[in-house]
Amino acid sequence: MRAFIALELPNRFADDVAAMARPLSAAVEGRFVPRESYHLTLAFLGDIDEAEATRAMDALDEAAAHGSPVPLRPDGLGKFGRATDATLWLGLAPDPALTGLAERLREELAAQGLGFDPKPFRPHLTLARRARLPKGPLPPLVFPEPAEAATATLFKSTLLRDGAQYKPLYAVDLAAR
């Protein structure tokens, strides 16, 4: 199964991101991510089996053992790729609690012998894929108010014709730690 570990967004924050994305979807061609799929990836694991999923759950437990809710502070828009075929995202400020959780998680995954995408952690929420960015300015946007994420989850990702579908497999409440 294809899997990743991510922070789930608080409902109001996700609603605000969706509200911000609406005027973007009118100005930018591309496949916009549905609100229910918003998340903040901490580590992409790729294809893992059941035993590896259990070890990923253990790594998540260890990484979150002394954690607390993580601040989410919008920090502007960005893109991966070319302007004619980009992934458009909302950046989040790299708070020490957020980057610390991602670092601990990656250390615990490595200690469990699990591979993950080694790219440096860059906190962002994907808004659109295969986006064609206009040459002119984007419409005025109302960015979400800062919030806190309190749930880290191991997700199974199934690739479908119209985008990925995510199923939570195991969640850790950071506020209960």
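Please treat every number below as a calculation from the coordinates, not as lab data. The shown structure was predicted, so the numbers you read here are calculated from the model rather than taken from an experiment. All Cβ positions, glycine included, derive from the backbone under ideal geometry; neighbour counts span all protein chains shown.
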Practice item. Taking the Cβ of each residue in 66, 39 as the centre, tally the other Cβ atoms inside 10 Å and list the residues starting with the fewest. Key: 66, 39
Check your understanding: What relative contact order, as a whole-number percentage, does the chain give when Cα pairs under 8 Å and 6 or more residues apart are counted?
Key -> 36
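At a 10 Å Cβ-Cβ cut-off, how would you order 84, 153, fewest neighbours first? Intermediate results must be reported in sequence, preceding the final value.
Working: 84 10, 153 19.
Sorted ascending by nearby Cβ count, the order is 84, 153.
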Study note, to complete from the structure: Longest principal axis of the chain (C-alpha) makes with the long axis of helix 50-64 (C-alpha) an angle, in degrees to the nearest 10, of 80
Practice item. Calculate, in whole percent, how much of the Cα-Cα pair population of the chain lies beyond 21 Å. Key: 49
Review point. Taking the chain, how many lysine pairs are there with alpha carbons less than 25 Å apart, if each pair must be eight or more places apart or span two chains?
Key: 6
Practice item. Provide the net charge surrounding residue 10, with neighbours chosen by a C-beta distance below 12 Å and charges set as Lys +1, Arg +1, Asp -1, Glu -1. Key: -4
